[in-house]
Ligand SMILES: Nc1ncnc2c1ncn2[C@@H]1O[C@H](COP(=O)(O)OP(=O)(O)OP(=O)(O)O)[C@@H](O)[C@H]1O
Ligand SMILES: [Mg+2]
């Protein structure tokens with residue numbers, strides 16, 4: 001399911017692609033077969049989400065929807081709550097002392113805090129890539145299939161097949177195929193981050209949350225990962241926090257601008273950058289603010 | 001000025017000049033030390049590093065010298081034989097290879113060696129999971145204040161003299177286990193290899209399993225507190241990565257936190273094992289302190305090297321030829337040997353599993 005995005009992604013323009021995308025994407029016969037046909041157009045919806053840690057309010061009534069198969073860039077000055085918002089979406093904040101929220105976040109129309117929502121499965125469906133690579137202390141192969149084992153998606157020989165498939169998908173296979181049983185800590189930073197991406201993809205997520213995934217990497221690795229991320233759509237829905245405005249413009253369809261916990265503006269990336277409706281957005285995207 | 005020079009060159013100084021010249025000498029001395037500070041650190045460090053090694057070598061050397069006649073006479077039988085006969089210490093003295101010993105004396109320490117290894121292995125099998133579980137609870141699961149209480153409880157347990165634990169084991173724990181716990185286990189174990197070792201008579205509470213449990217109690221604090229400190233140093237990012245992947249707390253612990261500090265836990269286990277192998281008085285009190293019997297099942301009475309050393313020393317002095325004391329010295333050499341072998345095994349394990357270890361100080 002992640003693979004069917006690859007050939008399409010290369011054939012369509014990335015920058016500035018907006019609403020027309022879903023129409024041009026699939027011919028009618030395929031559309032009839034599209035498993036997404038019956039599902040809501042928006043994978044994740046945040047409805048007046050207000051969040052605080054103790055007395056401190058971090059997010060203030062955020063309402064936004066993330067369209068299936070899109071890449072959304074989340075930008076804003078440091079400390080504005082980008083990471084907090086992202087981590088809320090797969091409930092990584094729940095355990096933080098003093099965590100309180102009002103409003104709601106839905107995944108496929110169902111509240112992520114709902115009673116029938118299985119937390120572990122939610123995290124399988126909403127994967128995450130961190131600011132710095134965080135491989136586990138196990139072999140490279142075991143790293144890729146760690147989540148697969150935890151969710152009992154596959155076992156035995158299937159694991160090897162799956163590991164190879166995912167490592168190929170992120171373009172790491174050639175580099176590591178002779179040392180699958182070695183430590184991941186001797187890989188370069190960029191390779192480690194690709195390994196973490198392969199690991200996140202292996203459990204078959206629907207949404208991928210990325211918190212400044214390339215900020216610790218060199219420009220070449222960064223460009224490579226950006227290209228990979230584009231290929232992941234439209235099979236996956238991506239939300240990416242970035243301080244790199246160029247990156248936001250290069251890879252995202254939509255952009256949301258957070259300022260002090262408030263969602264100031266959101267919309268198609270081109271509009272946000274070229275025709276900002278808000279003064280604060282304009283100041284930020286033209287580099288005159290933090 | 002003259003007095004200063006004389007003080008510095010170490011020549012005798014007139015009594016009435018002493019205060020001034022002593023101060024000057026000290027000052028000179030301090031200046032010398034300051035000038036050579038880097039060398040002092042280097043050499044001080046080297047000396048300090050050598051102290052334990054030298055001490056160990058000397059101890060082993062002295063013991064071996066003392067034991068040498070016994071080593072010659074007892075031969076390989078000492079390691080594989082199963083008898084402990086001081087012979088007739090009031091009777092005739094005979095000579096073997098020029099070494100005097102009582103008539104009929106014969107020593108084979110295999111039951112003691114086996115008992116030492118068995119009781120320590122049982123202790124480790126019990127203590128490691130308990131310690132790692134405790135450490136895990138202390139760092140991850142329970143409220144801060146409760147963790148503080150538990151932590152200090154462990155530290156206090158670490159400080160309880162082993163004679164008290166031994167006494168408690170002999171008077172309370174042993175009888176309790178023998179009355180209420182062992183019979184239940186013995187009755188429910190299937191009669192197949194390994195498990196059949198848990199069947200049979202359960203005796204009165206003095207024996208192998210009781211020794212193992214008492215030893216476990218004594219080494220849990222060592223392993224738990226070390227492991228707790230190790231866990232506290234595991235960076236949050238890999239753990240969060242596991243959580244974000246949908247792993248349960250248990251899976252994060254088993255697959256990420258524990259492997260992250262794998263070598264450290266093995267090291268702590270070796271520390272505990274060393275303590276268990278050498279523990280003396282508590283084992284002497286709860287094992288039955290036999291000299292020539294291997295426990296027939298896991299409840300059976302037995303003895304260990306360390307316990308035998310402490311219980312036999314008194315009577316050994318009654319051996320006029322001094323041979324029994326020399327044999328005890330040989331026993332001590334064997335204990336050091338066991339400790340060294342175990343230590344090397346530990347290093348081997350660390351080396352074998354270490355290639356997947358997280359780099360020390362991985363910055364997150
Ligand atoms: N665990 C926490 N407990 C209390 N406050 C927190 C916690 N985590 C974050 N905050 C606060 O929430 C606010 C938003 O933090 P957040 O990490 O979301 O910012 P950010 O936009 O990701 O910043 P950056 O661009 O620097 O990563 C900050 O003021 C921060 O101090
Ligand atoms: Mg952040």
* Structure fact -> Turns out the helices (runs of 4 or more DSSP H) fully within the stretch B:182-296 with at least 3 residues that are in contact (Cβ under 8 Å) with a residue 12 or more places away in the chain and within 14 Å of chain A (Cβ to nearest Cβ) are B:236-244, B:262-278
* Asked: Can you tell me which residue in the stretch B:297-335 is nearest to residue B:87 (Cα to Cα), limited to those that are part of a loop (DSSP other than H, G, I, E, B) and in contact with a strand residue (DSSP E or B) (Cβ under 7 Å, 6 or more places away or on another chain)?
  -> B:319
* Asked: If you check residue A:251 against the conditions, is it within 14 Å of another protein chain (Cβ to nearest Cβ) and either within 16 Å of ligand 2 (Cβ to nearest atom) or within 22 Å of residue A:44 (Cβ to Cβ) (or both)?
  -> no
* Asked: Taking residue B:212 and the conditions (1) out of contact with any helix residue (DSSP H, G or I) (no Cβ under 8 Å at 6 or more places or on another chain); (2) surrounded by 21 or more Cβ atoms within 10 Å (Cβ to Cβ), which numbered condition does it fall short on, given that it satisfies the others?
  -> (1)
* Considering only residues of the stretch A:69-85 that are within 9 Å of ligand 2 (Cβ to nearest atom) and either in contact with a helix residue (DSSP H, G or I) (Cβ under 6 Å, 6 or more places away or on another chain) or part of a helix (DSSP H, G or I) (or both), which is nearest to residue A:106 (Cα to Cα)? -> A:84
* Just one of A:66, A:53 is more than 13 Å from ligand 2 (Cβ to nearest atom) and surrounded by fewer than 18 Cβ atoms within 10 Å (Cβ to Cβ); which is it? -> A:53
* Asked: Restricted to the stretch A:100-117, and to residues that are free of Cβ contacts under 8 Å to residues at least 60 places away in the same chain and touching a helix residue (DSSP H, G or I) at 6+ places or on another chain (Cβ under 9 Å), which residue is nearest to ligand 2 (Cβ to nearest atom)?
  -> A:101
* Quickly run through the stretch A:227-250 and pick out the residues that are more than 21 Å from residue A:90 (Cβ to Cβ) and either surrounded by 19 or more Cβ atoms within 10 Å (Cβ to Cβ) or in contact (Cβ under 8 Å) with a residue 40 or more places away in the chain (or both). => A:230, A:231, A:243, A:245, A:247, A:248, A:249, A:250
* Among what's in the stretch A:77-107 and is surrounded by 14 or more Cβ atoms within 10 Å (Cβ to Cβ) and more than 28 Å from residue B:242 (Cβ to Cβ), pick the residue that is farthest from ligand 1 (Cβ to nearest atom). => A:103
* To do: Tell me, yes or no, whether the stretch A:108-123 has at least one residue that is within 16 Å of ligand 1 (Cβ to nearest atom), within 22 Å of residue A:43 (Cβ to Cβ) and touching a strand residue (DSSP E or B) at 6+ places or on another chain (Cβ under 7 Å).
  => no
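Where a number appears in this text, it was derived from the coordinates with a stated rule and is not lab data. The model shown is predicted, which means the values in this text are computed figures rather than measured ones. Note that each Cβ is placed from the backbone with ideal geometry, even for glycine, and that neighbours are counted across all protein chains shown.
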